[in-house]
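Data block below; observations after.
The numbers here are math on the coordinates, done by the rules we state, and not lab data. Everything numeric in this text was worked out from a predicted model, so none of it was measured. Don't worry about glycine lacking a Cβ; one is built from the backbone with ideal geometry, like all the others, and counts go over all protein chains shown.
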Amino acid sequence: MKTFDSFIDESFVDDFWRDGFVVLRDVIDPDVVSAMADPIARAISSSSTDLTELGSIVTPGNVLTDPNVSSNGNTGRFVAGTDHWINDLDFANFACATVIPQIVAQILRSESVWLYEDSVLVKEPNTAEETAFHQDLSYFHVSGDQICIVWVPLDFSSPDTGAIRFVKGSHLDQTSYRPNWFVSDEPMPGTKGERIPRIPAEAVINPTLSLGDVTIHHARTLHGASANRSPDQSRRAISIRYCGDDARYHIREGAPLKPHHTTIREGDPLTHERCPKVWPLA
Ligand SMILES: O=C(O)CCC(=O)C(=O)O
């Protein structure tokens, strides 16, 4: 039987595999999280997409008329980017050299952990866009059961201020869902799978999170996030996607490709330098 170094109580690992997500409170030094404020500001000013505008393009009947006002009349933007770790050492250190990879190894019950990607997701004050329910695995060019996402908020986040939310137990269903546009439940063209079903409100768990808390969800777990109705507080988050021992490259038709995905072979382990091993570090 394998043994794993314990960083968190084993009951959290059981929670993750039973519910498809777990909330870990006060698990990262708040100063380490707060130190990512400047890197996030850099990231969103240089290499990100305004999903608020995307929403207006992909949501039928929604026309954006004023670039300073989002599609719903609110002023906040929902801005996101991925793979900041490649060119920014602060993001690389955060994803690879904090306590997070060790926690992920324990949660996934995996001897090793690889970084798949990181993402910055900022909902400015008064952002009406909800993050549509989706299944992360449908965007990832990997298959496997040991794949998870760590969501790290830099701001107090509640159902009123853009907190992530989960459909409890949805990872137990093996259905592959089509990826959508994140701000609309319209599926991406050319993708395979089923449309995300309508989610009844009673199936959804809405955690409230403070600085130092994180959530970890399984890549098959259906999840989304609320609007940010705060008049003055942004909802900044870093979302880091990791793979464990059983993950293998698997190209998903129609899902956005990264440059290195054209060079990998179906079924290969994640040995590409764009998916570095982050636990254990040699
Ligand atoms: O931050 C959000 O709005 C959604 C995050 C999310 O869905 C994810 O990181 O998988």
- Ile196 neighbourhood, Cβ < 9 Å, K/R = +1, D/E = -1, net charge +1
- Task: Just give me a number: lysine pairs in the chain, eight or more positions apart or cross-chain, with C-alpha atoms less than 25 Å apart.
- Result: 6
- Give me the net charge of Arg42's neighbourhood, meaning all other residues with Cβ under 11 Å from the Cβ of Arg42; Lys, Arg count +1, Asp, Glu -1. -3
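When you count, for each residue, the other Cβ atoms within 10 Å and take the mean per peptide, how do 191-199, 87-95 rank with the highest first?
Per-residue mean Cβ counts within 10 Å order the peptides as 87-95, 191-199.
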- Item | Sequence-distant residues sharing a close amide H with Leu222 (under 5 Å, placed H) | Val167, Ser170, His171
- Query: Using 1/(1 + (r/R0)^6) with R0 = 45 angstrom and r between the beta carbons of Ala282 and Gln174, what's the FRET efficiency to the nearest 0.05?
  - Reply: 0.80
- Item | Cα-centred dipole magnitude for segment 10-279, charges only on beta-carbon of K, R (+1) and D, E (-1), debye, nearest 20 | 500 debye
- Query: Can you give the helix-only mean residue ellipticity at 222 nm for the chain, where every DSSP H stretch with n ≥ 4 adds -39500 (n - 2.57) and the sum goes over all residues, rounded to the nearest 500 deg cm²/dmol?
  - Reply: -5000 deg cm²/dmol
- Task: Please determine, in degrees from 0 to 90 and to the nearest 10, the orientation of helix 10-19 with respect to the longest principal axis defined by the Cα atoms of the chain, where the helix direction is its Cα long axis.
- Result: 50 degrees
- Query: If you take the beta carbon distance between His261 and Asp90 as r and set R0 to 30 Å, what does 1/(1 + (r/R0)^6) give as a FRET efficiency, to the nearest 0.05?
  - Reply: 0.75
- Message: Can I get the semi-axes of the chain's equivalent ellipsoid? Compute them from the C-alpha gyration tensor as square roots of 5 times the eigenvalues, in angstrom, largest first.
- Response: 27, 22, 19
